[in-house]
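Below: one structure, written as structure tokens.
None of the figures in this text is laboratory data; all of them are computed from the coordinates on show. Please read all numbers here as calculations on a predicted model, not as lab measurements. Here the Cβ positions follow ideal geometry from the backbone for every residue, glycine too, while neighbour counts run over all protein chains shown.
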Amino acid sequence: MFWINWGFHFENIHVLDKTAFPLVKCTDQLTQLNIDINFNINGRIDRTVGWIRDKLDFMPHLEPLLLVLKLFLAQRGLNNPYTGGLPSYALVVMLVHYLEYIRLKNKSDVSHKDSYNYMTLIGRKPLGLLLHYFFFYFYCFDYSEMGIKVRNRVSASLVLHKKELIEELGEEIFYSSPVFICDPCERGNNLGRSAHNILTIRQAFYDAFRTIGTTLNHCNQLSPYIKKFILWSIIEVTYQRRTSKWAKTQYLQVARIAFWFLPRSSKFYFVIG
């Protein structure tokens, strides 16, 4: 802790000692990555990390979707649970539930015309999954009456309704929570209890869906130059550090992620400026 306290490599250091588990939040000066350091968690992180790794191994689309959605929420100030945003762990569980839903149903459960027929438009590539993820959690999911429960087993994912949520979480947690996302590694822990901006997050999902969907729906009318930046329609890439080695590395990582989101036969390209 000596080098953290003296700020040799970190900035924006905040100590949150009133939470259930003491937490230090800071930002790495070199990469500008936000870091959380927890204390007294008694092996909970090990169980959580193991569960996430199992899902990443089993679901190849989970990683690129997760990275893009984390950046999407971060740029809108909706990823910090201490300001009402959606925690990263909760986002992982929401994604796992959605991907299991798609896999088990093997088809879209959406008949609304605004779905843009995403499955036939770009197959099951991540861009199509991202588009329908936005639609699913805006249009199909009732946050006040439904909750998510993803079990430890790979194939088990459930949508819980009000009565089941009360039995799972208890009345006190149920009536004080804005959204219900059951922790797969700890019974009775609601990962969405602090996401008080869930309506803003829901609206952001819808706005992103409309933006991407409209672009794809009119792709034949767009110039080849515009088609290159389809993912940039919802994610901002800044050039504040474009002369540094760090920035070049970050843009290469963004390009690698964007590659996942392009259908094999597509002429969309992600360009690094």
Zone reached by a paramagnetic label modelled 7 Å from I173 Cα along Cα→Cβ, restricted to segment 48-78 with backbone N below 14 Å, covers none
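Using Cβ contacts closer than 10 Å as the measure, can you line up C140, C26 from fewest to most? Kindly include the intermediate steps, with their values, before the conclusion.
Details: C140 16, C26 19.
If I rank by nearby Cβ atoms, fewest first, I get C140, C26.
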Full extension between S144 and E186 adds, at 0.36 nm per residue less the Cα distance, a length in nm of 12.9 nm
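Calculated FRET efficiency, H161 and Q29, Cβ-Cβ r, R0 41 Å, to nearest 0.05? List each step's numbers first, then the result.
On the way: r = 47 Å, r/R0 = 1.15.
Efficiency computed from Cβ-Cβ geometry: 0.30.
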Quick calc: nm separation of the 7 Å Cα→Cβ label points for D207 and D36 -> 2.4
